[in-house]
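**Student:** Okay, here's the structure, questions in a sec.
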Amino acid sequence: MTHDQERLTTRSSDVLSISRHSEGKDFMKGVLFLALALSAVQGISPLHAETPTGTLVGRILYVGPAIPDQVFEVTRDSGFCGAQATIRTVTIHPKTRGLEGAVVSIDGVAVPLSDPAAPALVLTNTRCAFTPRLATGVVGQQVEIRNDDPVMHNTHISMGSRTLVNVAMIPASRPVWKPLKQSGIYTVKCDAHKFMQAHILAFTHPFFSITDETGAFRIPSLPPGEHQVTIWHDTLGTVHQSVTIAATGDTHVTLEYPNHADARKQ
Amino acid sequence: MHAKRLKYIAILIITGLCASTAQAVKPTTNRDSLREGRRIYEQACAWCHGTGGEGDGPAGWFIGRYSSPRPRNFAQDGYKFRSTGSGDLPTDQDLFTTITRGIPGVMPAYRALNERERWQVIAYLKSWNPAFEEEKPVPLTFPQAPAAPTEAAIHNGRNLYVKYDCRVCHGDNGEGDGPEATAGHLRDGNNLPIRATNLTDPSAWKNGASALDLFRTLTTGLDGTPMPSYANEFAGREEALWELVWYIQSLSDQQRK
């Protein structure tokens, strides 16, 4: 939980709550109203493991009107970085209406993390942007910070008001390593280029997935039963929904981010 | 020339005095000492840092309301003045040094509290943040400052200042007027506007002005601010970092001509 997160709960639904990670996108505040359609269809597939586990399979859709990209004037290093920087807000697949780059997770299941030697998450400064702009990892996993650009960047990763790491990287600097310390949402910035931004979500379990370009995700090895699903998107915010994982096979869900109540009524 | 030197020496002596406070023996923490710590805190610190330690005391209401720095929120903020790596918590000794020295311009020095009282208040303020239980901050080792700089070393330091783009924030001549600073882009961990320090005026520096202090500031960075750590950039090249330090010190030397 970061200090600037805002949480509100809708009246009608008991499980639906929205919390928005606000980063100065104030224009979205208050107007953003998420409703969410959940359809759970139980699929059947053969079971191999000794302890029964299910898989959550689904797609996150965005059906609201287009949200304009953020455009920044580049005032420094514009010879290399370009005169303007464009930050995609929402990326929708034209056929499926699927939302790319949402993080789906199930947080209530206590399991020991089996793979302490997960490879480092590589975060590269490339062409005055962070690649990738969204990463997920587990607590203890290393982040490897690189700079491929011929200009100076500083990579400043923080959660709320606490810095995880803030390192200067001139051209051709060797990589910097830092392990993720706690679960939650890390913000990545460059104090020398205000328009650069990225996020890292850290978990204490393996039950998370980033939606692909069609909005699809898949979380395997879940114990059957009722679970709370969290969906996070950097522009659209956070949604919680409960699902019941079938004792065997795949549980299918489709979740929708409509943008606000009025748009839904039309 | 003479006056310039004297002033410079005076600064070194003052910062030397400040630094000599650091060798106190820390008593063990127990329930009684925490209760004492709380009593001292409520008298001496709550006014700014708030009774709950969240940086929202009655004076904190106007200090740092619209611009940095706001009094530290002990429940969740990171720390600026450390001997530890970027993002790490401070050691108890670091906190002791901060409280003893104070923070120029924003927080008084607490030499009036005896050493035992300072340790007690430290134990109390740490008790708000569970991270102090979970993480074990390890101080970095800092080398001794080498003997006085040569002109050539200061000249190299100037080149490093340019190469490492300090000017982006601190300006071409260290006056705190770099392009990102004047454009108002710099923000602290509370998203409040923050200024890049004027490197020509050591009296306003918060983390000390001795060569070793500057070496430490550049190695650790100041968490919760745009000021980054240069530890990785200078790993294994300590002599270059000293040159940069000497160049920074020479800026105030020159200003006093």
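The values are calculated or read from the model by the stated rules, or taken from the named source; none is laboratory data. Quick caveat: nothing in here was measured; it's all calculated off a predicted structure. Because the Cβ atoms are built from the backbone with ideal geometry, glycine has one as well, and the counts that use them run over all protein chains shown. Remember, those area values only see protein heavy atoms, side chains included, never the ligands or the DNA or RNA. Shrake-Rupley method; radii C 1.70, N 1.55, O 1.52, S 1.80 Å.
**Student:** So how exposed is A:Thr131, as accessible area in Å² (1.4 Å probe, rounded to 10)?
**Tutor:** Here the accessible area works out near 70 Å².
**Student:** Which aspartates and glutamates does A:Lys178 reach when only Cα atoms under 19 Å apart count, and residues fewer than 8 places away in its own chain are ignored?
**Tutor:** Those aspartates and glutamates meeting the cut-off are A:Asp115, A:Glu144, A:Asp148, A:Asp191, B:Asp77, B:Asp88, B:Glu134, B:Glu135, B:Asp223, B:Glu233.
**Student:** Which of the aspartates and glutamates could a cross-linker bridge to A:Lys95, judged by Cα under 14 Å and excluding same-chain residues fewer than eight apart?
**Tutor:** Reachable aspartates and glutamates: A:Asp212, A:Glu213.
**Student:** Mind checking B:218-228 for the average number of partner chain beta-carbons within 10 Å of each residue's beta-carbon?
**Tutor:** 5
**Student:** Rounded, prolate or oblate for the range B:24-134? Axes are the square roots of the Cα gyration tensor eigenvalues, ordered a ≥ b ≥ c, and the cut-off for rounded is a/c under 1.5.
**Tutor:** rounded
**Student:** Might you work out the accessible area of B:Met107 for me, using a 1.4 Å probe with all protein chains in place, and round it to the nearest 10 Å²?
**Tutor:** 50 Å²
**Student:** If you wrap a convex hull around the Cα atoms of chain B, how much volume per residue is inside, in Å³?
**Tutor:** 131 Å³
**Student:** Any chance you could list the semi-axes, whole Å, largest first, of the equivalent ellipsoid that the Cα gyration tensor gives for the range B:25-68, using √(5λ)?
**Tutor:** 26, 10, 7
**Student:** Answer rounded, prolate or oblate for the range A:54-263, using the Cα gyration tensor with square roots of eigenvalues a ≥ b ≥ c: rounded when a/c is under 1.5, else prolate when a/b is larger than b/c, else oblate.
**Tutor:** oblate
**Student:** Rounded to the nearest 100 Å², what is the sum over both chains of accessible area buried where B meets A, with a probe of 1.4 Å?
**Tutor:** The contact between A and B buries close to 2400 Å².
**Student:** Suppose we keep just the alpha-carbon trace of the range A:49-102; what are its Rg and Dmax in angstrom?
**Tutor:** Computed over the Cα atoms of the range A:49-102, radius of gyration and Dmax are 18.8, 59 Å.
**Student:** Checking the cross-link filter: which aspartates and glutamates have an alpha carbon closer than 12 Å to that of B:Lys26, excluding same-chain neighbours under 8 positions apart?
**Tutor:** B:Lys26 reaches B:Asp92, B:Glu115, B:Glu117.
**Student:** Follow-up question, since we're still on this one. Kindly report the accessible area of chain B per residue (heavy atoms of protein chains, probe 1.4 Å, no ligands, DNA or RNA), in Å².
**Tutor:** It amounts to 50 Å² per residue over chain B.
**Student:** Give me the net charge of A:Phe80's neighbourhood, meaning all other residues with Cβ under 9 Å from the Cβ of A:Phe80; Lys, Arg count +1, Asp, Glu -1.
**Tutor:** Summing Lys and Arg as +1 and Asp and Glu as -1 gives -1.
**Student:** With a/c under 1.5 counting as rounded, go ahead and sort the range B:126-172 into rounded, prolate or oblate using the C-alpha gyration tensor (a ≥ b ≥ c being the square roots of the eigenvalues; past the cut-off, prolate if a/b is larger than b/c, else oblate).
**Tutor:** oblate
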